[in-house]
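Working notes for the structure below.
The values are calculated or read from the model by the stated rules, or taken from the named source; none is laboratory data. The shown structure was predicted, so the numbers you read here are calculated from the model rather than taken from an experiment. Virtual Cβ from ideal backbone geometry, glycine too; neighbours counted across all protein chains shown. Please note that ligands, DNA and RNA were not included when accessible areas were found on the heavy atoms of the full protein model with its side chains. Shrake-Rupley method; radii C 1.70, N 1.55, O 1.52, S 1.80 Å.
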Amino acid sequence: MHKGSCLCGAVTFDVEGKLGEGEACHCVQCRKWTGHFFASTEVKRSALTIHGAENIKWHRSSEKVRRGSCSECGSPLFFDPIDHEKHDWLGISLGAFDTPTETQMALHIFVAEKGDYYEITDGLPQNEY
């Protein structure tokens, strides 16, 4: 069981089973949402239990995705594809986990939009989009 929360604790969550590999999204939306890039893991919806869901503020950032943050402290928590029929997963911020994640970063995406103030030097695969 993996447990996590927002900064203030108004939203907590549990994930049953193993977490997926981590990925870092460097798109403009993720950078503006988090203040840097968004490191997340994908989990099956059925493996996730959210406590305090009434404290999640959902923002539809495109026709395909909505993003969930704590309405109290603003912590960015969830990346949720709108089409649940096609996508049986959602992304969870790796930084929101309270327990060890037992996973590793595997990929960088949208590196064509990354900030100019840092370099990606970890040797992991980089997808332009």
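Kindly check whether there is at least one residue in the range 71-85 that is open to solvent by 70 Å² or more (accessible area, probe 1.4 Å), more than 17 Å from residue 4 (Cα to Cα) and part of a loop (DSSP other than H, G, I, E, B).
As a first pass, look at the range 71-85 and keep what is open to solvent by 70 Å² or more (accessible area, probe 1.4 Å): 72, 84-85.
Then keep just the ones that are more than 17 Å from residue 4 (Cα to Cα); that gives 84-85.
Now restrict to residues that are part of a loop (DSSP other than H, G, I, E, B): 84-85.
Checked the range 71-85: at least one residue is open to solvent by 70 Å² or more (accessible area, probe 1.4 Å), more than 17 Å from residue 4 (Cα to Cα) and part of a loop (DSSP other than H, G, I, E, B).
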**Q.** Output for the range 99-116, where each listed residue is surrounded by 11 or more Cβ atoms within 10 Å (Cβ to Cβ), at pLDDT 95 or above and either more than 19 Å from residue 127 (Cβ to Cβ) or charged (D, E, K, R) (or both)
**A.** 101, 113, 114
Q. Quick one: is residue 106 of a type in the set (Gly, Ala, Ser), over 23 Å from residue 7 (Cα atoms), in contact with a strand residue (DSSP E or B) (Cβ under 9 Å, 6 or more places away or on another chain) and in contact (Cβ under 8 Å) with a residue 24 or more places away in the chain?
A. yes
Q: Return yes when residue 54 is outside any helix (DSSP H, G or I) and more than 14 Å from the chain's Cα centre (by Cα) and no when it is not.
A: no
Q | Those residues of the range 17-50 which are in a loop (DSSP other than H, G, I, E, B), in contact with a Lys or Arg (Cβ under 9 Å, 6 or more places away or on another chain) and not small (Gly, Ala, Ser), in sequence order | A | 26, 27, 37
Q | Which listed residue is open to solvent by less than 30 Å² (accessible area, probe 1.4 Å), closer than 30 Å to residue 117 by Cβ and in contact with a helix residue (DSSP H, G or I) (Cβ under 9 Å, 6 or more places away or on another chain), from 19, 7 | A | 19
